[in-house]
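Please find one structure pasted underneath; my questions will follow.
The values are calculated or read from the model by the stated rules, or taken from the named source; none is laboratory data. This structure is a prediction, so every number in the text was calculated from the model and none was measured. Counting neighbours? That spans all protein chains shown, and the Cβs are built from the backbone with ideal geometry, glycine included. Ligands, DNA and RNA are excluded from the accessible area calculation, which covers all protein heavy atoms including side chains. Shrake-Rupley method; radii C 1.70, N 1.55, O 1.52, S 1.80 Å.
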Amino acid sequence: MKLALFFSQQPFRFPNPIKKAILKLLVDIGVNDVPTLHMIKKIQKHAVNLCQITTRSLKTSTGKVVHYNSIADTIRLELARPQIWEHLNFYPTLSECVSELSECNK
């Protein structure tokens, strides 16, 4: 998994012959459990699918096609970011006493 992530880092976009040479070198020096190039590509494709925002199309009653991003994907990606997570407050909080005005509907 770490090797697949290394191969997909932005400054290290290796062409396939270089990837094959690195994998062969790892096998030759005796590293255990070296993945195949096919498995690395499969892991990279899966990672891209997990991290992308889905753009959907909708045809309106007037015939216009509208494209929009999935709000669920946007929220999922924002919640995964530690810089954002620490500033979020989820309401209502379940406690015995009311500590903020927004919790008055308890």
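Anything in region 48-64 that is touching a Ser or Thr at 6+ places or on another chain (Cβ under 7 Å) and open to solvent by less than 90 Å² (accessible area, probe 1.4 Å)? List them, or say none.
Passing the criteria: Ile53, Thr54.
Name the residues in region 57-77 that are under 21 Å from Phe90 (Cα atoms) and hydrophobic (A, V, I, L, M, F, W, C), would you?
Ile71, Ala72, Ile75, Leu77
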